[in-house]
Amino acid sequence: MRLTRRRALLGLVGASSAGGLGVHELLDRTTTDGPLSDAGMDGLLTVADVVHPAAREDVEPVISAYVGRLNQDRIRGVVRALSELDSRSRRHFGSSFGGLSRAQGERLLATLGVNRVQSRPEGTLAERARYHLVNSVLYALLTRPVGTEPFGIGNPIGFPGGFASHTGEP
Amino acid sequence: MRNYELGRGLLPGRDSLPLIAAVGGLYLLVTLGERVLSGVVSIPAFSVVELTAALPVPVLLAAGPAAMWGIPLGLVLSDAATSSLGPGTLVSASAHLYLGYATCSLLRRFDGDAPRLSVSVVRERIGLGRFVLAVALAAAGAAAVFGWGGELTHRTPFFVAAPVAFAELALLSVPFALPLAGLFERAASAGTSAFGVTAPLRRQFDGRPDLRRVAGVSVGWLAVGTVASVGYRTFEKVPAGAFTSRDLEFVLLLRQPALFGPGAGRLQVLLGAVLLSVLVVLLAEPSERAEVPAR
């Protein structure tokens, strides 16, 4: 049978569409169940290191408490984003995302375009990392004095510290 | 009717195996070297592509289409060695193959009378200006493939990956491709003489693509894809009130589940598959000689 232009095009379109849709759907349905491991917590601390100036030991209890209050869907999103970041991190730096330095973490997130995308709970890795990791960590930190004191705010919006601040010494 | 023989000269023969293995080894060497050196000295970082993206053009320029299958082999080996083998490998392999194949096919189109494509033919007969044009067009297509792959594998949006990949691919290929190809030519001829296999190096890219069509599809895909990638994400976020307050409710009819949200991903995958197929078919445009019936 002669391979004409039309047949070649139809064959390639069919094969690439079927293959592409297959991969796209398969990856879309890949979910990672289970609680956030210690390595996952290290990953969140790396994100905190990149996006916030507070010391690692100060932010750990805040993030740990915040993650403890998340529902199962949110935890699943966090774990999935972190496991995909781990895979990229091993490729680029030979270690998991939680083991990266601040500069390496910043470079990896910028490489994925996390600083240029809008946050979306379901989307590409960059968009999910922005939603589940960057914005979550920022929310956890900026609603606690630990995260706002470096900016001169001792009683941030959302933190129930009104009574203490009104009754304490000025 | 034109007879497309996409596989002619491209399918690996037994005599091409040492060449393919050598290209695979070269990819692995560059990846591991980059990993080792990055711990010692600071290597300029590319955000979308790896340093191995500098290899497809010089490798295919020096060794011809017989070496083509070494590129996916090399990427599989490199990704396996760095524990990152996955769907992304397929995307990188497609983009690398496209970059090398498109550059060589376009160069061949500029001087189809040369017995075979080589560094001296590019320098003396084709010219550096046309070489840069061929690399830029090929890089545009390969960057679009990277952008498409980013959406396909849920990694990065098209508008983040594609423009950056274009700049990085051009930056890696334009200045380094010819010196590296010269080096690889000497290594390939020495290697094939040592093995007593010279036939693979004589194979040639037979396509004679239409420059305008290839330029139109690849640059169009890159530009329109980038704008559309930003546009649909913005459209998705804009509240309905912004349209109704300006009597633009009819625009909201476009917000169908098949076009936005989960449907957008599938739509992009399908559009990308069609455009990539069109580019491959355009590049494999048979030469005038292929149309002459064989006696």
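Restricting to the range B:115-143, and then to whatever is assigned to a helix (DSSP H, G or I) and among the basic types (Lys, Arg), can you tell me which residue is farthest from B:Leu282 (Cα to Cα)?
B:Arg123
Taking B:Ser287 as the residue in question, decide whether it is at pLDDT 75 or above and more than 12 Å from chain A (Cβ to nearest Cβ).
Spelling it out, it is not the case that B:Ser287 is at pLDDT 75 or above and more than 12 Å from chain A (Cβ to nearest Cβ).
Take the conditions more than 24 Å from A:Leu109 (Cβ to Cβ) and in contact with a helix residue (DSSP H, G or I) (Cβ under 9 Å, 6 or more places away or on another chain) and apply them to B:Leu85. Does it pass?
Criteria not met by B:Leu85.
In the range A:65-100, how many are outside any helix (DSSP H, G or I) and hydrophobic (A, V, I, L, M, F, W, C)?
Qualifying residue count, the range A:65-100: 2.
What single numbered condition from (1) surrounded by fewer than 19 Cβ atoms within 10 Å (Cβ to Cβ); (2) facing chain B (nearest Cβ under 10 Å); (3) over 21 Å from B:Leu32 (Cβ atoms) fails to hold for A:Arg107?
That leaves (3) as the condition not met.
If a residue has to be over 17 Å from B:Pro72 (Cβ atoms) and not in a loop (DSSP other than H, G, I, E, B) to count, how many in the range B:104-114 make the cut?
The qualifying residues number 6.
Taking the criterion of being among the β-branched types (Val, Ile, Thr) and within 14 Å of chain B (Cβ to nearest Cβ), would at least one residue in the range A:117-133 satisfy it?
yes
Please work out if B:Ser78 is in contact (Cβ under 8 Å) with a residue 40 or more places away in the chain, in contact with a Ser or Thr (Cβ under 9 Å, 6 or more places away or on another chain) and assigned to a helix (DSSP H, G or I).
yes
Provide a single number: the residues in the range B:239-260 that are closer than 24 Å to A:Gly123 by Cα and part of a loop (DSSP other than H, G, I, E, B).
Adding up the residues that qualify gives 7.
The values are calculated or read from the model by the stated rules, or taken from the named source; none is laboratory data. What you are looking at is a predicted structure, and each value in this text was computed from that prediction instead of being measured. Heads up, the Cβs are rebuilt from the backbone with ideal geometry, glycines too, and the neighbour counts pull from every protein chain shown.
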